[in-house]
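These notes are about the structure you will find just below.
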Amino acid sequence: MIATFQGLLVAVLALLPGAAYTFALERVTTGYGVSFSDRLVRFLAASAVMHALLAFGEYWVYRYLVVERRLVNGTANLWLLEALALAYVLGPIMVGSVVGWGHKKHKKWGTLLVGAAVEPRAWDYLWRRADRAIVRIKLKSGIWLAGYRGEAPNGRRSYASAHPEEGDLYLPLSFTVNPSSGELTLDDNRRPLPVPGESGLLVRWTEIEYLDIKEF
């Protein structure tokens, strides 16, 4: 247990890079409902890696501020202190955001750093990889619906909920479809015909019997 304020401060400073990195990473990839204990382990692991990579720079800062007593005497460069403080906070956030982007875009280095499949359910795995797709949905009632996974002309983007929330799916653009057979209605250019007006779909997983996804 941490018994002093100084000990608490050191612990917070030690964990801050890992926490900033993890929160930035999960902002892009989502955290999939990990518990506090799991997240604490991630904080520790990420902080350990970052401190190991920056050990040379941290030692230089220690010599500059503590050994040479610049911090105690008030002779440290204020601009340098400000730059160090910003780098200590913003650096891990930038790294976490870049790694999260690489994983979301299926870059090899992103997969290597984060893992091939961190999603706990097939539902989460599917929607992370299907960036643009035509989705046909058969409801348990027997009715077919269809929509577009991606960004609609009106600027709205599709969204699928992540674990541990119940699965639901929002498609910003719905297509005209035969409600009995699921066959799409095509225009003169052989493209799916949107439903007139700015019409989207919001469907809960519990209502879905079958999904047909055509990525492009």
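The values are calculated or read from the model by the stated rules, or taken from the named source; none is laboratory data. All values reported here derive from a predicted model rather than from experimental measurement. Virtual Cβ from ideal backbone geometry, glycine too; neighbours counted across all protein chains shown. Side chains are part of the model used for accessible areas, which takes the heavy atoms of the whole protein and leaves out ligands, DNA and RNA. Shrake-Rupley method; radii C 1.70, N 1.55, O 1.52, S 1.80 Å.
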Which listed residue, of GLU209, GLU119, is touching a residue at least 12 places away in the same chain (Cβ under 8 Å), surrounded by fewer than 16 Cβ atoms within 10 Å (Cβ to Cβ) and either more than 25 Å from the chain's Cα centre (by Cα) or not in a helix (DSSP H, G or I) (or both): GLU209
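Sort through SER37, SER47 and tell me the only one that's within 25 Å of the chain's Cα centre (by Cα), exposed (fewer than 12 other Cβ atoms within 10 Å of the Cβ) and within 30 Å of PRO120 (Cβ to Cβ). Talk me through it step by step, then tell me what you get.
On the way: SER47 fails: exposed (fewer than 12 other Cβ atoms within 10 Å of the Cβ).
Exactly one residue qualifies, and that residue is SER37.
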The range 163-206 - residue that is under 26 Å from ARG128 (Cβ atoms) and polar (S, T, N, Q) and, of those, most open to solvent (accessible area, probe 1.4 Å): THR206
Condition met for TRP127 (touching a Gly at 6+ places or on another chain (Cβ under 6 Å), in contact (Cβ under 8 Å) with a residue 12 or more places away in the chain, within 30 Å of GLY200 (Cα to Cα) and crowded, with 18+ Cβ neighbours inside 10 Å): no
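So which residues in the range 143-153 are without any contact (Cβ under 8 Å) to a residue 60 or more places away in the chain and either in a strand (DSSP E or B) or farther than 14 Å from LEU201 by Cβ (or both), if there are any at all?
TRP144, LEU145, ALA146, GLY147, TYR148, GLU151, PRO153, listed by residue number.
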